[in-house]
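In what follows, a structure is listed as structure tokens, so that the remarks can point back to it.
The values are calculated or read from the model by the stated rules, or taken from the named source; none is laboratory data. These numbers come from a predicted model, not from an experiment. Using ideal geometry, Cβ is built from the backbone for each residue, glycine included, and neighbour counts are taken over all protein chains shown. The area values use the complete protein model at the heavy-atom level, side chains included, leaving out ligands, DNA and RNA. Shrake-Rupley method; radii C 1.70, N 1.55, O 1.52, S 1.80 Å.
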Amino acid sequence: MDAARIQALIESGLPGARADVRGEDGVHFEADVVAEQFAGKLPLARHRLVYATLGDLMGGAIHALGLKTLTPEEAAARR
């Protein structure tokens with residue numbers, strides 16, 4: 001598994017989302033995901049949205065995925 005594939009899956013599963021995925025060992029990854037779909041949702045619900053884009057890869061080909069999930073407005077406020 002590589003970071004580019006995970007990024008593509010997240011971005012296609014959450015239309016309009018931007019994902020920055022990192023992971024050197026092929027099983028442990030970190031991702032910063034910015035998506036409008038996160039508005040009004042608690043962190044756990046946001047993470048579930050991302051996990052849903054990855055399906056059965058979670059816990060299999062992807063052993064661990066650390067997430068930072070932000071709305072576009074939250075991301076802009078951090079800049």
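Table for the structure above
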quantity	calculated
Within the accessible area of the chain (1.4 Å probe), percent carbon and sulfur	55
Inter-site label distance for LEU44 and ALA64 at 7 Å from Cα along Cβ, in nm	2.1
Cα-projected label distance for ARG79 with ASP20, points at 7 Å along beta-carbon direction, nm	1.1
With DNA, RNA and ligands ignored, accessible area of GLU36 (1.4 Å probe; Å², nearest 10)	100
Euclidean distance of C-alpha centroids, the range 54-75 and the range 10-46, integer Å	5
Accessible surface, the chain, averaged per residue in Å² (probe 1.4 Å)	59
